[in-house]
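The values are calculated or read from the model by the stated rules, or taken from the named source; none is laboratory data. All values reported here derive from a predicted model rather than from experimental measurement. Every residue, glycine as well, gets a Cβ built from its backbone with ideal geometry; the counts of neighbours run over all protein chains shown. Just the protein is used for accessible areas: all its heavy atoms, side chains included, with ligands, DNA and RNA removed. Shrake-Rupley method; radii C 1.70, N 1.55, O 1.52, S 1.80 Å.
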Amino acid sequence: MWSRREFVRSAAGAAGAVALAKAAGASATAAPTALRGRFLTHVSVVRFNQIEVTPTRSIGQDEAPDNSVEHVRARRDAFASGCPGGRMTWAISWLALYDQRQQYKDVRKLLAGYHDRYGDEVTFIPGGYFAPMYATRDENRKTIHEALREVSRMVGSGYRPQSVVAGFLDAENQRFLATDEGIHVCQGQIWSQHGIDNGDGDGGICYPYYPSKEHYLKPAQGRADFIDCVCLDGWTCDFLTARREGFEGKFNSRQGVGPIETVQDLGEQVGRREMMDTTAMHFDAGYALNGFGFVTGIWETSLGNHEHLAWWLQQVRERWPDTRVMTEGEFGLEWRKHVPDNSSLNYRFDAKGTGAPGSEKDLEIQWFMNQEFRLALLGPSADKSQRMAIDFTRYDLPAREPQTLQREWSLMNVLNQKGTRPQDKPMRLGQLPVEDQQRIFARYPELKKLA
């Protein structure tokens, strides 16, 4: 298990070897190959206040008692119990990073030790997941810059995180991470979130992509609008429940691998089953379609639920023993190594309802996500001919992020799964404009039969 400082030394040696090879006339590195495998990332958040929207403003509850050394240690022990040898990411809030009480001094020392001992990543989380909703781009840029410098000082020995965990982060600040901070991975969107918590952001791709300079949810269309920062989702959700708005139907549309929406809301038996069924959407059917699967979740340390994390990771290890459990930065950079731009993106998912609330057992949803658009088809699992389009979001169209502070940061145009606008009604593919049909069938000719 390499620590960051050992990795830097090794990387320096590798760079020297590459230079010698080029000097000797060796050919350039071979073209990247497609990423293969099953990948899981886990992020634990250590904070002072529930929602620290700016360094000087909090709108949540004081969580200091639940972010003690004992709580942090229990979380790491649970992770190790479920996944011996795995590496995780710790995201620390502004107040937890700077608080001078002995409790937080000890917590920071503990996190630095986890990096040295296990190779864990320690990074910063700005804005309590909602930085763009409560502070300007320039304010967030300055906050991130100062906090990253403090994280490096805290861990020591020239440490630098490979990613930032942000919940939501605007395109300009993801560009800033890449160009000014040298960080090329950002957990920068919460896929499908709308009507939950303090920010809305539906319209993106749930697997990695390079964002456009126009909008953080829009995949870059070419070099002119390309941001060299791999944007990652924050929570893997059940595709069936995720199509809903907020708490529509009196259940949480964010059900998936997170503990609040599953074991806390549904009870241990049903909740744990939903965690595994959601994981299987990616590690079984999704893996078969895409050649790789990605499951991720952010769990606040203050929640406890440590035993459920250990259980989930143990089950994943037993059912899919080839799963690689790594930090956010490691996974994002691994993807970046294989995928130089968005032109080859072609993510496909085919998920049946799990039977949990809001995930109807008799329904099936198909997702198609690429550089040009995302498309979702929903219908009875017993009759695929009845599939209706519930989402068609074009990424070739101009997009613009909000320029003022607000909670709505979604990207919606032709048709959106949440059904919040008058035009968001399920329709046959043949009811879409002819231009949109041609765009869809050019990539997926097999869908013509559903027109």
### Query
To the nearest 10 degrees, how steeply does helix 69-82 sit against the main Cα axis of the chain, on a 0 to 90 scale?
60 degrees
### Summary
Projecting the Cα atoms of GLY127, TRP90, TYR114 onto the charge dipole of segment 78-135, where Lys and Arg contribute +1 and Asp and Glu -1 at Cβ, the residue farthest towards the positive end is TYR114
### Message
Quick check on my link table: of LYS250/LYS448; LYS142/LYS250; LYS213/LYS361; LYS384/LYS418; LYS384/LYS425, which ones sit more than 28 Å apart, alpha carbon to alpha carbon?
### Response
LYS250/LYS448; LYS142/LYS250; LYS213/LYS361
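Run the numbers for ASP322 and SER152: contour at 0.36 nm per residue of separation, minus the present Cα-Cα distance, in nm. Intermediate values should be presented prior to the final figure.
Details: separation 170, 0.36 × 170 = 61.20 nm, distance 3.24 nm.
Separation in residues times 0.36 nm, less the Cα-Cα distance, equals 58.0 nm.
Of the listed peptides 98-108, 132-142, what is their order by residue-averaged count of other C-beta atoms within 10 Å, with the highest listed first?
Numbers: 98-108: 15.2, 132-142: 18.7.
Answer by packing, highest mean first, reads 132-142, 98-108.
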### Query
What do you get when you divide the Cα radius of gyration of segment 81-206 by 2.2 N^0.38 Å, with N the number of residues?
1.09
#### Entry: Percent antiparallel among DSSP beta bridges (both partners in segment 59-205, rounded to 5)
25 percent
### Message
Per residue, how large is the accessible surface of the chain? Use a 1.4 angstrom probe and give square angstrom.
### Response
39 Å²
### Task
Choose one of LEU169, GLY195, SER157: the residue whose Cα lies farthest towards the positive end of the charge dipole of the chain (beta-carbon charges +1 Lys, Arg; -1 Asp, Glu; about the Cα centre).
SER157
### Task
Within segment 230-310, report the trypsin sites (Lys or Arg not before Pro) that DSSP leaves as loop and that have at most 14 other Cβ atoms within 10 Å.
LYS250
## Note on the structure
Label model pair SER385, GLN61: point-to-point distance (7 angstrom along the Cα→beta-carbon line) in nm is 5.4 nm
### Task
Could you please state how large a percent of the accessible area of segment 335-424 is carbon and sulfur, counting protein chains only and using a 1.4 Å probe?
51 percent
#### Entry: Gain in span if fully extended, GLN403 to ARG36, counting 0.36 nm per residue against the direct Cα distance
128.3 nm
### Task
Would you work out what percent of the accessible area of segment 157-267, with all protein chains in place, is carbon or sulfur (probe 1.4 Å)?
45 percent
### Task
Calculate for the chain the 222 nm mean residue ellipticity that helices alone would give, adding -39,500 (n - 2.57) per DSSP H run of length 4 or more and normalising by residue count, nearest 500 deg cm²/dmol.
-9500 deg cm²/dmol
### Message
Given axes a ≥ b ≥ c from the Cα gyration tensor, I'd like to know whether segment 171-216 is rounded (a/c under 1.5), prolate (a/b larger than b/c) or oblate.
### Response
prolate
## Note on the structure
Relative contact order as a percentage, segment 178-291, C-alpha pairs under 8 Å and 6+ apart, gives 20 percent
### Query
Could you give the length gained on full extension between LYS361 and LEU333, defined as 0.36 nm per residue of separation minus the Cα-Cα distance, in nm?
6.4 nm
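Carbon-plus-sulfur fraction of the accessible area of segment 45-126, 1.4 Å probe, in percent?
On the way: 1540 of 3180 Å².
Carbon-and-sulfur percentage of accessible area, whole number: 48.
Pull up the DSSP beta bridges for the chain and report the antiparallel fraction as a percent, rounded to 5. Spell out each step's value before the answer.
Details: 30 of 56 bridges.
Taking every DSSP beta bridge within the chain, about 55 percent pair in antiparallel fashion.
In units of 2.2 N^0.38 Å, what is the alpha-carbon radius of gyration of the chain? Working shown, then result.
Values: Rg = 21.4 Å, N = 451, 2.2 N^0.38 = 22.4 Å.
Compared with the compact-globule rule of thumb, the chain sits at 0.96.
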